[in-house]
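Below is one structure; the comments refer to it alone.
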Amino acid sequence: MNKKLKTLLEVMPEAIFTSGSDLRDHYTHIWKMQEGLDASLMITPENVDQLSVCLKILNDQDITTVVHGGRTNLVGGTETNSDCVVISLAKMNKIIELDPNSRTITVEAGTVLEHVHEAVAEENLIFPLSFGAKGSAQIGGILSTNAGGLRVLRYGMAKEQVLGLEVVLADGTILSNLRKIIKDNSGYDLKQLFMGSEGTLGIITKAVLKLREKPSSRVSALLGVNHYKHVIKLLKHFDSGMSGTLSGFELMWNNFYSTATSAPSLVKPPLSQAYKYYVLVEGLGSDYQRDLERLSGLLEQAMENEWIEDAVLAQSDSDLEWFWKIREDVHVAASQCQHDQHFDISIPIGKIGEEVDRILRDLSNHPKVEKVVAFGHVADGNIHFIVGKSEQNETIINEINDIIYQNLRELKGSVSAEHGIGVHKKAYLSISKSESEIALMKTLKRTLDPNNILNPGKIFDL
């Protein structure tokens, strides 16, 4: 490796290289110290030209590389080995331009999502993509995994928030299309190739993100529900009754809600812990009093229809923070498990209730499973599980995977709604993709990265 890297070390400034014990701090993960991270060298380019030169040399020398963003992924997407080089874009973190007229922000890939939120707020705009790891996740990683989050119902996935990209290909070629325009039908939409490709086709270095006007009101309510059929009725009820302002419809099973509102959590339960389901409804609008009255009226109608057992309406900003902290702070559940597995499957909305019941029942019968919590973005069919176990080995991991995934093919669901495939879900990719789809994905990989140097072994093996 050292001999192969000699050319690279000679032509690039020392400041962009990290090795030895200095690498260990980089491996701190939002959840815990990650396994499978033993690369001996990390490259931290300061601009796209440096990255381009690095990739050209790595490609010419046939040295594999793994791209690191905020390292908040949950599927082994940043796992490395001693034969590869890590590329971190942490130094490429500039906000290049904020244009309130075109309602866009152009940023480098190492920019942290929360910093984007803070910057656009000064112009009374929002970048609507948001999730629990917003303080760590970087834009490049967010786009390369096509992240989702809490407001997909209204604003869509990450790929729907992007107007332009700059990408460096495996051979060092810089592919730049940083246009701010919404309509562009001039041939293939190449940027879509790289969003969701988990860094296997190219490295995203800059992005033009689409912004929205900041809503002047936010209203929310927490509902206690005992029947899944009523959850579906409530989704349709609020979506039709809130005149296009419904921005969140989050579902928590009792096991999640009770865990998130009991010690060691400091959050108190706004509602009794006696219900099977808890629904968080959110609306972003333009007239607080009118929006609050409308939400209150919809709650009354739902109570009259006996779809809700109990409900509480947020009356202040502190109430909003209280309610949403319950849903966003999934670390509480993970911290109580010595060993854990995380899942983010997609299921057709009408099948979620019975399928999750089946999964929870089967998991409860597994001798090594100690705790399970379920929650998710039910309006887009995405359900998360955190499974806590007394032991961790490959057999147990596979047994739990089989319980979670066993009906997804028949249900036409997905093993990954928003986390990606990485290495942890490779064996299950065929549940969500046909043979011809996987073959085409491999053709694209071989075409853009013929030496297989970019994140090799992620998503599938060549």
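Some points to look at:
- Within segment 146-173, being open to solvent by 30 Å² or more (accessible area, probe 1.4 Å), part of a loop (DSSP other than H, G, I, E, B) and under 22 Å from residue 447 (Cβ atoms) holds for 171, 173.
- Residues (out of contact with any helix residue (DSSP H, G or I) (no Cβ under 7 Å at 6 or more places or on another chain), touching a residue at least 24 places away in the same chain (Cβ under 8 Å), under 19 Å from residue 213 (Cβ atoms) and not charged (D, E, K, R)) located in segment 117-140: 119, 120, 121, 124, 125
- Qualifying helices (runs of 4 or more DSSP H) (wholly inside segment 398-462; at least 1 residues being farther than 24 Å from residue 157 by Cα, over 19 Å from the mean Cα position of the chain (by Cα) and of a type in the set (D, E, K, R)): 408-411, 435-448
- Checked against (1) basic (Lys, Arg); (2) in contact (Cβ under 8 Å) with a residue 12 or more places away in the chain; (3) farther than 25 Å from residue 121 by Cβ, residue 236 meets all criteria but (2).
- Every pair of residues 6+ apart whose Cβ atoms lie under 6 Å, when the first sits in segment 441-462 and is farther than 19 Å from residue 52 by Cβ while the second is surrounded by fewer than 18 Cβ atoms within 10 Å (Cβ to Cβ) and of a type in the set (S, T, N, Q): 462/452
- Selection from segment 323-335 of residues that are open to solvent by less than 10 Å² (accessible area, probe 1.4 Å) and of a type in the set (S, T, N, Q): none
- Checked against (1) out of contact with any Cys (no Cβ under 7 Å at 6 or more places or on another chain); (2) at negative phi, residue 371 meets all criteria but (1).
- Residue tally, condition polar (S, T, N, Q) and open to solvent by less than 40 Å² (accessible area, probe 1.4 Å), over segment 336-389: 3
- Condition broken by residue 153, with the remaining ones in (1) closer than 18 Å to residue 346 by Cβ; (2) out of contact with any Ser or Thr (no Cβ under 7 Å at 6 or more places or on another chain) satisfied: (2)
Per-residue answers, yes or no, for (1) under 25 Å from the mean Cα position of the chain (by Cα); (2) touching a residue at least 40 places away in the same chain (Cβ under 8 Å):
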| residue | (1), (2) |
| --- | --- |
| 196 | yes, yes |
| 199 | yes, yes |
| 202 | yes, yes |
| 205 | yes, yes |
| 228 | no, yes |
| 240 | no, no |
| 264 | no, yes |
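- Which listed residue is buried (at least 20 other Cβ atoms within 10 Å of the Cβ), charged (D, E, K, R) and under 25 Å from residue 253 (Cα atoms), from 418, 399: 418
- When we screen 15, 39 for residues that are modelled with pLDDT under 75, among the aliphatic types (A, V, I, L, M) and in a helix (DSSP H, G or I), the only hit is 15.
- Only one entry of 286, 316 meets the criterion of being of a type in the set (Gly, Ala, Ser), within 14 Å of residue 245 (Cα to Cα), within 29 Å of the chain's Cα centre (by Cα) and open to solvent by 20 Å² or more (accessible area, probe 1.4 Å), and that entry is 286.
- Residues (out of contact with any helix residue (DSSP H, G or I) (no Cβ under 8 Å at 6 or more places or on another chain) and part of a loop (DSSP other than H, G, I, E, B)) located in segment 250-267: 262, 263, 266
- Selected residue (criterion: least open to solvent (accessible area, probe 1.4 Å)) from residues of segment 74-115 that are farther than 30 Å from residue 456 by Cβ and in a helix (DSSP H, G or I): 114
- Residue in segment 137-145 that is part of a loop (DSSP other than H, G, I, E, B) and either at pLDDT 95 or above or among the β-branched types (Val, Ile, Thr) (or both) present: yes
- Residue that is assigned to a loop (DSSP other than H, G, I, E, B) and either touching a residue at least 12 places away in the same chain (Cβ under 8 Å) or charged (D, E, K, R) (or both), where the choices are 354, 391: 391
The values are calculated or read from the model by the stated rules, or taken from the named source; none is laboratory data. Just so you know, these numbers come straight off a predicted model, no measurement behind them. Reconstructed Cβ throughout: ideal geometry from the backbone, glycine too, with neighbour counts over all protein chains shown. Quick note on the areas: whole protein, heavy atoms, side chains included, nothing else; ligands and nucleic acids left out. Shrake-Rupley method; radii C 1.70, N 1.55, O 1.52, S 1.80 Å.
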